[in-house]
Amino acid sequence: MSSKFREHPIEESFIQEEPFYLSVSDEVEIFEAAYNQKIPVLLKGPTGCGKTRFVEYMAYRLGRPLTVIRPEAKGNPLPSGSRGIPLVTVACHEDLTASDLVGRYLLEGDSTRWIDGPITRAVKSGAICYLDEIVEARKDTTVLIHPLTDHRRFLPIEKKGEIVEADDGFLLVISYNPGYQSVLKDLKHSTRQRFVAIEFVFPPAELEKEIIQHEGQCSPEIATSLARLGEKIRNLKGQGLVEGVSTRLLIYAARLITAGISPRRAAEVAIAWSLTDDEEIQRSVLEVIWAIFE
């Protein structure tokens, strides 16, 4: 992500219709219970398995509009006069600083003006704050969320010498992919044990077929073949493939097919070439694709 991109203003959008989400287990009930009890939530699961869509769905289900805020943004108040309380989503990355989350002073002529960061605004407005891929952020940055995850429920703003108590509706939600754990990128135990964890897996083939058909706007036959393809490719995990194909990539393939690309070619470019650069593993994936889309 370039520094030029980080200078862009906040981009906000409200989703008026219910996001499409099919429950795989009891994740909806657990999230609702956690929200009602003000217990922070950790979502664990592979890339593209529906964690972000789930948070959006739950925000809508709980009667809240959705506001997406880029962490690099420098300000702008949350929209006024909107229904409910928004969801604030922060895409974490290795350059994410505490100031990006909490806020900073900006020069304005001969004076300075304080601009709240996304987590501060979420705390004040009582929003659900979603920190996506939390392990990508620096460890000294993630420590600042600790006071928000226990009985204190406050955010210290050191630069202002202030403590902001969380609004009653505030909930902190974080996510990460356990498959990419390493010594350098792992969730600290002092952070992990402040959350209840919901484990996400790829949906079973029959359910994934429904998701692919709806999101890819394709025929039931194509959706069935892609769901079967996903299942077979995931069986290659452990044979050199770091992670199985995501539902997201299967949907991308469906969309290409809907746009007129042949099923075999769509699967090659959306799945085989995206999953790996290793020629041997790529060949194994291609053989599965060719077997399904002859």
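Please treat every number below as a calculation from the coordinates, not as lab data. Not measured: the values here are computed from a predicted model. Every residue, glycine as well, gets a Cβ built from its backbone with ideal geometry; the counts of neighbours run over all protein chains shown.
Return the ratio Rg/(2.2 N^0.38 Å) for the chain, where Rg is computed over Cα atoms only.
With N residues counted in the chain, Rg over 2.2 N^0.38 Å equals 1.09.
Run the simple label-point estimate for Ser274 and Glu287 please: 7 Å along Cα→C-beta, distance reported in nm.
About 2.4 nm, to one decimal.
Along the Cα→Cβ direction, 7 angstrom out, place labels at Ser190 and Glu17. What is the inter-label distance in nm?
If labels sit at Ser190 and Glu17, their model points lie 4.7 nm apart.
Using Cα pairs closer than 8 Å and at least 6 residues apart in sequence, work out the relative contact order for the chain, in percent. Numbers along the way, then the final one.
Details: 502 pairs, mean separation 52.9, N = 294.
It rounds to 18 percent for the chain.
With a Förster radius of 51 Å, plug the Cβ-Cβ distance of Gln239 and Val28 into 1/(1 + (r/R0)^6) and report the FRET value to the nearest 0.05. Show your work: numbers first, answer last.
Working: r = 34 Å, r/R0 = 0.67.
The formula returns an efficiency of 0.90 here.
Can you check what the net charge comes to around Glu231, using other residues whose Cβ is under 14 Å from the Cβ of Glu231 (Lys, Arg +1; Asp, Glu -1)? Provide the component values of the computation, followed by the final result.
Numbers: positive: Lys209, Arg228, Lys232, Arg234, Lys237; negative: Glu206, Glu208.
Within the 14 Å Cβ shell, the charges total +3.
So what is the 222 nm mean residue ellipticity for the chain from helices alone, if each DSSP H run of at least 4 adds -39500 (n - 2.57) and you divide by all residues, rounding to the nearest 500 deg cm²/dmol? Let's see the in-between values first.
On the way: 12 runs with 104 residues, N = 294.
Estimated from H runs of four or more residues: -10000 deg cm²/dmol.
Select from Glu29, Glu279, Glu215 the residue whose mean-square fluctuation is largest in a Gaussian network model of the chain (Cα-Cα springs shorter than 10 Å).
Sorting by GNM fluctuation, first place goes to Glu279.
Please grab the % of Cα pairs in the range 195-294 that end up more than 22 Å from each other. List each step's numbers first, then the result.
Details: 1212 of 4950 pairs.
Of all Cα-Cα pairs in the range 195-294, 24 percent lie more than 22 Å apart.
Please state the charge dipole magnitude for the chain, taken about the Cα centre, from unit charges on C-beta atoms (+1 on K and R, -1 on D and E), reported in debye and rounded to the nearest 20. Don't skip to the end; give the middle numbers.
On the way: 35 positive and 43 negative charges, 94 e Å.
I would put it at about 460 debye.
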